[in-house]
Amino acid sequence: MKKSDLNKLRKEIDKADKKLLKSLAERFEITKNVGLYKKDFNLPPLDKKREKVVFQKKEELAKKLNLNPLLIKKIYRLIIEEVKKNHKKIKNG
């Protein structure tokens, strides 16, 4: 490998990171709409059953993709905590 290969690899990482962040922004936009739905129908901002299902599905997918399931769980824990905060803000106006 040459030094230019490293720069090329880093550009690929930057491109993948951009996709990841765009997907995260899309996910938060969708969860905002879920929060609005919950407010309109007077549903609680927290749904433990759904949360459990999300973690199970992500763990299974992480294994299939050869990713560390514990790392993915930590990442999703942060994402879900942020979603719950946003849903509480939406509910409280």
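Table for the structure above
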{"quantity": "Set of lysines near residue 19 by C-alpha distance (under 18 Å), chain-local residues within fewer than 8 positions excluded", "calculated": "8, 11"}
{"quantity": "Cβ-based charge dipole, the chain, positive-most Cα from 92, 7, 31", "calculated": "7"}
{"quantity": "Protection-proxy order for peptides 60-67, 78-85, each taking the mean of Cβ atoms within 10 Å per residue, highest first", "calculated": "78-85, 60-67"}
{"quantity": "Å² per residue, accessible surface of the chain at 1.4 Å", "calculated": "87 Å²"}
{"quantity": "Cα-centred dipole magnitude for the chain, charges only on beta-carbon of K, R (+1) and D, E (-1), debye, nearest 20", "calculated": "120 debye"}
{"quantity": "Which labelled figure in (i) 17.3, 59; (ii) 16.0, 47; (iii) 13.4, 39 is Rg and Dmax of the Cα atoms in Å, once derived from the coordinates", "calculated": "(i)"}
{"quantity": "Anchor residue 89: lysines whose Cα lies under 25 Å away (excluding residues fewer than 8 positions away in-chain)", "calculated": "22, 32, 38, 39, 48, 49, 52, 73, 74"}
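The values are calculated or read from the model by the stated rules, or taken from the named source; none is laboratory data. Quantities reported herein were computed from a predicted structural model and do not represent experimental measurements. Ideal geometry is used to build each Cβ from the backbone, glycine not excepted, and the neighbour counts take in all protein chains shown. These accessible areas exclude ligands, DNA and RNA; they are computed on the full protein's heavy atoms, side chains included. Shrake-Rupley method; radii C 1.70, N 1.55, O 1.52, S 1.80 Å.
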